[in-house]
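Peer 1: One structure is given below, represented as structure tokens, and several questions about it will come after.
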Amino acid sequence: MQQHLIQCIFLASFMKICTGSDWCYESQHTCSSPCNGPEKWEHANKDCAGRAQSPINIVHRKTLPDERLTAFQFKNYQNSFGGLIKNNGHSVQVTLPHDAFVIGGDLEMPYKAVQFHLHWGNKGGPGSEHTIDGEQYPMELHIVHMKEKHSNLEDALKDPSGVAVLGFFYEESNRVNRKYDPIINALQSIRMTGTNTSLGTVSLEQLIPSQQNLTNYYRYRGSLTTPGCTESVIWTVFENPIPLSKEQLEVFSNLQFKDGKPMVATFRPVQPLNGRMVYRSGGAVVLASATLLVASIAMAMGLSQPN
Ligand SMILES: [Zn+2]
């Protein structure tokens, strides 16, 4: 047993030298196929050991209401596109035409959509990257945007506020979400790493909750959740989840990592806040109820004061 362990440690250190910047998720790390799991991502890129990393656990009662966090305007989100969907060995990713963008939500300028990808668990089990009060959702969608002035993500990542990622949770529903048919159907053609297929006609709008259900969200400054872990991301995590049936969630687990093993648990563990603040939208409303609370406390105190 001990000899086996020593062998494993030897192999692991050997692989570290051999694979260089290669990285993997915790679910891929076994003794027989050692790779740099999340604890060792800093070997792939030192930024992964930074002090403003993502994802995080959002503790609702510790978030600060901020009235600048107004509703977003989603421009051209309704436009259909028929891009390629690809199994990149870590996730499924769809490259977007640059005509969709977001404004508002306290972003200093418009940010255009670049790509989206997902993070999921094992057969519909816990799989989101962000957690809310410790709760992990079955899946999370990341729509990656960059400032309009940048022409590629590489440049945008050099800008401390160059990238804005919109994160959406999924929840298991009793009903099949037909708006996801093009994506779910495409998955069977891209089971192997490196394969891609054309995505039927879809719009970003059909993949996310309706606009009136997107006014509640959290905001913080963080990083990419995969190596290089660059800390130039303005994160927006929406409260309202997207419904998918259990069967629809399970299909993602049929995809395969490079070694042919099921692509499951494709999430990075939550990272320390290190003093960062997390803000939440709806400040005005909360402020109004806080005023009411103060007023009622004052009244109660007034009433209970001895004469
Ligand atoms: Zn992501």
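Peer 1: Looking only at the stretch 249-268, which residues are surrounded by fewer than 22 Cβ atoms within 10 Å (Cβ to Cβ) and not in a loop (DSSP other than H, G, I, E, B)?
Peer 2: Matches in the stretch 249-268: Glu250, Val251, Ser253, Asn254, Gln256, Pro262.
Peer 1: Right, Ala49: of a type in the set (Gly, Ala, Ser), out of contact with any strand residue (DSSP E or B) (no Cβ under 7 Å at 6 or more places or on another chain) and more than 15 Å from the ligand (Cβ to nearest atom) or not? Working first, answer last.
Peer 2: Values: of a type in the set (Gly, Ala, Ser): yes; out of contact with any strand residue (DSSP E or B) (no Cβ under 7 Å at 6 or more places or on another chain): yes; more than 15 Å from the ligand (Cβ to nearest atom): yes.
Answer is yes for this residue.
Peer 1: Suppose we filter the stretch 58-81 for residues that are under 30 Å from Asp99 (Cβ atoms), touching a strand residue (DSSP E or B) at 6+ places or on another chain (Cβ under 8 Å), part of a loop (DSSP other than H, G, I, E, B) and of a type outside the set (Gly, Ala, Ser); how many remain?
Peer 2: Summing the residues that are under 30 Å from Asp99 (Cβ atoms), touching a strand residue (DSSP E or B) at 6+ places or on another chain (Cβ under 8 Å), part of a loop (DSSP other than H, G, I, E, B) and of a type outside the set (Gly, Ala, Ser) in the stretch 58-81 gives 7.
Peer 1: When you scan the stretch 145-247 for strands (runs of 3 or more DSSP E) that lie fully inside it, which ones turn up with 3 or more residues that are closer than 19 Å to Gly124 by Cα?
Peer 2: Details: elements: 163-173, 196-198, 217-222, 233-238, 242-245.
Ranges flagged: 163-173, 242-245.
Peer 1: Confirm whether Ile85 is among the hydrophobic types (A, V, I, L, M, F, W, C), part of a strand (DSSP E or B) and touching a helix residue (DSSP H, G or I) at 6+ places or on another chain (Cβ under 7 Å).
Peer 2: yes
Peer 1: What tally of residues in the stretch 140-162 results from selecting those that are away from the ligand (no atom under 11 Å from the Cβ) and buried (at least 22 other Cβ atoms within 10 Å of the Cβ)?
Peer 2: Qualifying residue count, the stretch 140-162: 3.
Peer 1: I'd like to check something: does the stretch 176-184 contain any residue that is in contact with a Pro (Cβ under 7 Å, 6 or more places away or on another chain) and surrounded by fewer than 21 Cβ atoms within 10 Å (Cβ to Cβ)?
Peer 2: Yes, that holds for at least one residue.
Peer 1: Being part of a loop (DSSP other than H, G, I, E, B) and within 16 Å of the ligand (Cβ to nearest atom) narrows it down to one of His117, His90, so name that one.
Peer 2: His90
Peer 1: Restricting to the stretch 126-137, give me the number of residues that are more than 15 Å from the ligand (Cβ to nearest atom) and not in a strand (DSSP E or B).
Peer 2: At the first step, the residues of the stretch 126-137 found to be more than 15 Å from the ligand (Cβ to nearest atom) are 126, 132-135.
Among the residues that remain, those that are also not in a strand (DSSP E or B) are: 126, 133-134.
The qualifying residues number 3.
No lab work stands behind these numbers, since they all come straight from the coordinates. Please read these numbers as outputs of a predicted model, since none were measured by experiment. Neighbour counts are summed over all protein chains in view; Cβ atoms, including those assigned to glycine, are modelled from backbone coordinates with ideal geometry.
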